[in-house]
Amino acid sequence: MATTTLDDSAPAHQAAVEPAPARRRWQYALYAIPVAVLELGAWTHRWVTEDAFIYFRVVDNVFAGNGPVFNGSERVEAATGTLWTALLVAGRLLFGWLLPIEWIAVVFGLVLTGLAVLAAQTGAAHLHRPRGQRGLFWPAGIVVAVLLPPMWWFATSGLESSLELAWIAGGFWALARRLRTTEKPMPQSPWWLSVLIGLGPLVRPNLAIFTVVYFAALWWTSGGRWRDRGVSLLWATAVPAAWQIFRMGFYGAIVPNTAIAKSAGSANWSQGWGYLVDFVEPYWLAVPLVLLSILAALVPAGRTEGRRSRIVVTLAPVAGALLSFVYVLRLGGDFMHARFLLPAVFAAVLPISVVPISVLPIVDGRAWRGALSIVCLVALLGWGSAASRASLPYAREISLRGIADERGFWQRAAGDDTPVTLADFAGSFLVTDARKHLAEARAIGPDAVVYDLGGEQGSAQSPAGRGTFLAYRNIGVYGVAAGREVTVVDPHGLSDPLAARLELTSSRERPGHEKNLPSVWILARYAAPKEDDSRALRSARRALGCGELADVLAAANDRLSPGRFLRNLGGAVRRTRVVLPADPAAAEARFCDTQS
């Protein structure tokens, strides 16, 4: 039986603070304004990034019966967002007859982003209403979210960004709506809320931070016996645990291949600081931080009943945002401008997305408080108007820090202001190079290897019956354009088990592009042996068949039988930790000479 915490009971004033029907209609209209602003900004800036086509190729392989893989011949988890992949699969199943997968991703992004903004506002209203606040709730912190240009860009990018925002806001809304002003005890958390909070790591692995914080807030505000809390923990972990078992058995690793490729466990603080500055400076983000802090201080405290629970729910997204900021800074950020910091910014403003401000500048009988609140709101709108028109100093290019105006870069490459489908990228170097490399492979025969790594280009014959292998530095649009029948090798490691485990050099470089698999490893793995092969090539080929390195490849390439699944499961931790030296001689010594 659920019990109440000391602070969760309150007099029955619920009916007194509920808005009248007319006021409720006005409130819905106010909620709709930020949603409409963000949707309009997202639609007018619609596009799909090159990396999103990695998801699209994975979805194509799912429908081909190969499972959630990038190359049909190899079990590698190249899609970071598990639930986003599942949504795209469901979207193609339901709407594939009507829309191509690129437009399904755009529509889903728009819908999820709109739901995120709506959940943020209604969640904040639930948070404030038990305080006894009357009147309308006015948009405040949500202004920061809807007027930041990167929020528009990534709403339709085809990546999991919109799902991240919807999950963060949905969790906050679900926690806030449970706050009461009645004498009834706080109910034990429903199973669906525990499941929702537990889905964070499947939206994106780093959202495990928010999952832990949200679940701690859920426990605090629910009360109940420890057995009840244990049951809620089981509900929260059921789906992620099931997927983790599948991941380890199917892919043979404990994290997505993208996390291994980006060395998510290592630190790059200096690059992370540069990533933060790159985001803060163009939009003068210190201004809304000050204004929202003042507004938060001006919101009346209201009743004392249930205050502790309100504080916990208020601090939950803020704590998650701070921890997420630290994680992104430690990781070194991303090569896409603002992308990794948007969820943290969005979470930080959730408790003050809307604020209870009277139509007249009088709050609690103090004119100065209401007047200052209105000044802050007007100033916030002024900031938002300026920030929405801000531009990056490296528009359509890559900054000296290696951070890209990703949307502008691909607009220029595609020659289209709103590139969405593969056809929109037809004039880009990605599609042109895919066609050129396919022609080179066909000239060699049905079994060929062609590689273009920027500084290294070449081709070779592959063993009979192996098929065509193309190695290229961008695998999204290129991979879809090349076709599912071709194995596309990623030298940066997002979809390749060898490149992902490449040993980092002493100096850190552009996030997501720090590992570059030398061509000798590509030839050793895919080209037919020749008598005049170099010593380095022979060393690389021998290393591929030795010890832990051979085990990594077997986990990804052997036929998936029950025995193989169990072996993958048992060795997943060990395989995830394997590090490949770039020098074949060093790799041969590490993996072969140490064998008994």
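The values are calculated or read from the model by the stated rules, or taken from the named source; none is laboratory data. None of these values were measured; they are calculated from a predicted model. Virtual Cβ from ideal backbone geometry, glycine too; neighbours counted across all protein chains shown.
Are any of the residues in region 34-57 under 18 Å from Arg247 (Cβ atoms) and in contact (Cβ under 8 Å) with a residue 24 or more places away in the chain? Within region 34-57, one or more residues are under 18 Å from Arg247 (Cβ atoms) and in contact (Cβ under 8 Å) with a residue 24 or more places away in the chain.
None of Val58, Val107, Val111 is buried (at least 18 other Cβ atoms within 10 Å of the Cβ) and on the phi < 0 side of the Ramachandran plot except Val58.
Applying the criterion of being surrounded by 23 or more Cβ atoms within 10 Å (Cβ to Cβ) and modelled with pLDDT of 85 or more to the residues of region 296-313, the residue that is farthest from the chain's Cα centre (by Cα) is Arg310. The selection criterion, being surrounded by fewer than 24 Cβ atoms within 10 Å (Cβ to Cβ) and out of contact with any Pro (no Cβ under 8 Å at 6 or more places or on another chain), does not hold for Leu523. Per the listing Ser495, Ser428, Ser519, the residue uniquely of a type in the set (Gly, Ala, Ser) and in contact with a helix residue (DSSP H, G or I) (Cβ under 6 Å, 6 or more places away or on another chain) is Ser428. Restricting region 561-584 to residues that are exposed (fewer than 15 other Cβ atoms within 10 Å of the Cβ) and not charged (D, E, K, R) leaves a set whose member that is farthest from Ile245 (Cα to Cα) is Val579.
To keep it simple, each residue is scored yes or no on (1) among the hydrophobic types (A, V, I, L, M, F, W, C); (2) in contact with a Lys or Arg (Cβ under 9 Å, 6 or more places away or on another chain); (3) surrounded by fewer than 23 Cβ atoms within 10 Å (Cβ to Cβ).
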residue: Phe425; (1), (2), (3): yes, no, no
residue: Val431; (1), (2), (3): yes, no, yes
residue: Ala464; (1), (2), (3): yes, no, yes
residue: Ile475; (1), (2), (3): yes, yes, no
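Restricting attention to region 260-269, report how many residues are without any contact (Cβ under 8 Å) to a residue 60 or more places away in the chain and either among the hydroxyl-bearing types (Ser, Thr, Tyr) or over 16 Å from Arg508 (Cβ atoms) (or both). Adding up the residues that qualify gives 0.
Per this entry, Leu377 is counted among residues that are in contact (Cβ under 8 Å) with a residue 60 or more places away in the chain and assigned to a helix (DSSP H, G or I). For Ala434, indicate whether it is more than 30 Å from Ser270 (Cβ to Cβ), touching a residue at least 24 places away in the same chain (Cβ under 8 Å) and touching a Leu at 6+ places or on another chain (Cβ under 8 Å). Criteria met by Ala434. For Gly493, the stated conditions do not hold, so it cannot be described as surrounded by fewer than 16 Cβ atoms within 10 Å (Cβ to Cβ), closer than 26 Å to Ala556 by Cβ and assigned by TED's automatic domain parsing to the domain that holds Arg577. When Gly252, Gly274 are screened for being of a type outside the set (Phe, Trp, Tyr), at pLDDT 95 or above and farther than 30 Å from Trp219 by Cβ, only Gly252 passes. Entry remark, region 233-273: residues being buried (at least 23 other Cβ atoms within 10 Å of the Cβ) and within 29 Å of Pro190 (Cα to Cα) number 1 in total. Screening Gly382 with (1) modelled with pLDDT under 90; (2) farther than 22 Å from Thr211 by Cα gives one miss only, at (1).
Consider region 436-484. How many of its residues are of a type in the set (Val, Ile, Thr) and in a loop (DSSP other than H, G, I, E, B)? Total satisfying the criteria: 1. Whenever a residue of region 272-292 is over 21 Å from Ser391 (Cβ atoms), its partners that are part of a helix (DSSP H, G or I) and aliphatic (A, V, I, L, M), lying with C-beta atoms within less than 6 angstrom and at least six residues away or across chains, give the pairs Gly272/Leu329; Leu291/Ala379; Leu291/Leu380; Leu292/Ile352. When each of Leu372, Leu377 is tested for being surrounded by 18 or more Cβ atoms within 10 Å (Cβ to Cβ), of a type in the set (A, V, I, L, M), on the phi < 0 side of the Ramachandran plot and in the same structural domain as Leu148 (by TED's automatic domain parsing), the lone residue that passes is Leu377.
One line per residue, one yes/no per condition, for (1) surrounded by 17 or more Cβ atoms within 10 Å (Cβ to Cβ); (2) over 29 Å from the mean Cα position of the chain (by Cα); (3) at pLDDT below 95:
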| site | (1), (2), (3) |
| --- | --- |
| Leu517 | yes, no, yes |
| Pro529 | no, yes, yes |
| Leu544 | yes, yes, no |
| Ala556 | yes, no, no |
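Taking Phe325, is it under 19 Å from Ser162 (Cα atoms), in the same structural domain as Leu291 (by TED's automatic domain parsing), surrounded by fewer than 21 Cβ atoms within 10 Å (Cβ to Cβ) and aromatic (Phe, Trp, Tyr)? It is true that Phe325 is under 19 Å from Ser162 (Cα atoms), in the same structural domain as Leu291 (by TED's automatic domain parsing), surrounded by fewer than 21 Cβ atoms within 10 Å (Cβ to Cβ) and aromatic (Phe, Trp, Tyr).
Being modelled with pLDDT of 90 or more, out of contact with any Cys (no Cβ under 8 Å at 6 or more places or on another chain) and not β-branched (Val, Ile, Thr) narrows it down to one of Arg508, Arg501, so name that one.
Arg501
Scanning region 382-412 for residues being of a type in the set (Lys, Arg), surrounded by 13 or more Cβ atoms within 10 Å (Cβ to Cβ) and part of a loop (DSSP other than H, G, I, E, B) gives a total of 2.
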